[in-house]
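Report on the structure given below.
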Amino acid sequence: MMTGLGATMVRAGRRLLSSLPALFGVLVFTFLLMRVLPGDPAVFFASGPNAGKEEIEQIRKQMGLNRPVPEQLVFYLSDIGHGNLGRSMMTGQPVLKDLRERLPASLELTFTALLIALIAAVPLGVVAALRPGSVVDHGVRLFCALGVCVPTFVSGLLLIYVFYYLLGLAPDPTGRIDVFTSLPPQRTGFLSIDFLLAGDFEGWWAACKQLVLPAVSMALFVIAPLARITRASMLVSLGSDFVRTARSVGLSWRKVVVTYALRNAILPVITIAGIVFSTMLGANVLVEKVFSWPGVASYALDALLSSDYAPVQGFVLLMASLFVLVNLVVDVCYGIADPRVSIE
């Protein structure tokens with residue numbers, strides 16, 4: 001008989017296989033969309049519109065744009081099957097290498113922002129649910145509304161103005177680390193972890209200071225949905241029969257809230273957290289631009305502005321794959337939090 005872990009792995013494998021048609025559709029759609037966008041990348045990379053026809057034609061041949069679109073699609077899918085995402089005309093490097101170098105920066109920023117958002121949103125949602133209709137509840141809802149209304153680049157600029165320009169508490173918003181700090185040996189790609197593994201606590205503190213403002217900028221935007229779903233789930237959970245039964249047998253209110261109500265209310269929060277994480281990873285381009293953060297989103301935006309097809313297509317494929325992976329992890333975590341739930 002298959003063990004519980006083995007059965008979970010088999011079901012996870014089935015979920016991954018069922019996601020392959022969606023990934024294929026993303027590949028084809030992105031490829032065709034890039035071909036219908038205005039602008040000729042060959043003209044852009046051939047030193048502008050005044051370049052000669054021979055130079056432009058050479059660039060088109062180098063990028064494979066001289067072939068019919070169906071033939072380009074076949075070659076593109078063949079390259080993807082061999083693990084080749086193409087070469088960026090901006091950097092002159094393989095797209096896979098560029099994404100591998102920049103992905104840890106985006107992941108570190110997104111994980112930190114999500115952690116900050118959860119630490120803030122879950123207590124806010126619980127407090128608001130415990131006192132519905134009170135001043136605290138209205139204050140939490142107002143804070144959530146403001147978080148949604150203010151765009152991330154606006155909150156980022158405000159944070160820079162206050163904490164860097166006025167108070168001088170934050171470092172220069174110029175990337176992951178300042179120019180006076182030497183990088184640690186790369187092990188995970190997460191500077192905060194690599195500095196700790198290297199035993200360089202000064203470098204770790206410098207990396208954390210650079211990370212705080214962009215992470216808070218992203219967290220402010222996603223606190224609202226997390227706090228709202230926590231509040232709604234807690235209200236439903238607190239009105240359930242098992243909570244009334246726990247109270248009737250003499251259990252303390254704190255134990256009822258933390259052990260019973262919150263554990264059941266956290267299940268929808270796990271689902272929303274997975275969706276929020278996937279959204280943050282692909283939509284943090286504005287934060288990356290404001291803080292000069294060398295992530296994959298800003299890399300894809302630069303490629304899109306210059307009509308560099310390969311990096312944009314590689315970025316979309318990466319985001320789609322991460323979205324599938326995150327959803328699978330959420331399903332597994334959902335099953336761990338509530339054993340009654342099956343991954344299928």
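The values are calculated or read from the model by the stated rules, or taken from the named source; none is laboratory data. Because the structure is a prediction, the values reported are computed rather than measured. Note that we place each Cβ from the backbone using ideal geometry, even for glycine, and neighbour counts take in every protein chain shown. Ligands, DNA and RNA are stripped out before the accessible areas are found, and what is left, the full protein with its side chains, is counted by its heavy atoms. Shrake-Rupley method; radii C 1.70, N 1.55, O 1.52, S 1.80 Å.
By definition, a body whose alpha carbon gyration tensor gives a ≥ b ≥ c is prolate when a/c is 1.5 or more and a/b is larger than b/c, and the range 95-337 fits this prolate description. Calculate the length of the line joining the C-alpha centroid of the range 102-158 to that of the range 191-265, in whole Å. Between the Cα centre of the range 102-158 and that of the range 191-265, the gap is 11 Å. Counted residue by residue at 0.36 nm each, then reduced by the alpha carbon distance between them, the extension gain from residue 329 to residue 23 reaches 108.4 nm.
Dipole check for the range 95-337: with +1 at the C-beta of Lys and Arg, -1 at the C-beta of Asp and Glu, and the Cα centre as origin, the magnitude is about 1080 Debye. Rounded to the nearest 10 degrees, the angle from helix 262-283 to the longest Cα principal axis of the chain is 20 degrees. Springs between Cα atoms under 10 Å define the GNM used for the chain, and in it the highest mean-square fluctuation of 113, 145, 246 occurs at 246. For the chain, the solvent-accessible area works out to 54 Å² per residue, with a probe of 1.4 Å and every protein chain left in place.
Quote the FRET efficiency, to the nearest 0.05, computed for residue 15 versus residue 111 with a Förster distance R0 of 30 Å and r equal to the Cβ-Cβ distance. The value I calculate is 0.85.
For the chain, the longest principal axis of the Cα atoms and the long axis of helix 69-81 meet at an angle of about 60 degrees. When the chain is treated as a GNM with alpha-carbon contacts under 10 Å, the residue of 172, 137, 79 showing the greatest mean-square fluctuation is 79.
A simple spin-label model places the labels of residue 254 and residue 188 3.2 nm from each other, with each point 7 Å out along Cα-to-Cβ. Using a cut-off of under 18 Å, list every residue of the range 102-145 whose amide N is near the label point 7 Å from the Cα of residue 244 along the Cα-to-beta-carbon line. In the range 102-145, the label zone of residue 244 (backbone N under 18 Å from the point 7 Å along Cα→Cβ) covers no residue.
Distant-in-sequence amide contacts of residue 87, defined by a placed amide H-H separation under 5 Å and a gap of 5 or more residues or a different chain, comprise 95.
For the chain, find the longest principal axis of its Cα atoms and tell me its angle to the long axis of helix 309-337, 0 to 90°, nearest 10. Taking the Cα atoms of the chain, the angle to 309-337 is about 20 degrees.
When the C-alpha to C-alpha distance is required to be over 27 Å, the pairs from 53/289; 53/97; 97/289 that qualify are 53/289; 53/97. Of the residues 102, 131, 254, the one that moves most in a GNM of the chain with alpha-carbon contacts below 10 Å is 254.
Packing, as the average of other Cβ atoms within 10 Å across residues, places the peptides 310-322, 87-99 in the order 310-322, 87-99, highest first.
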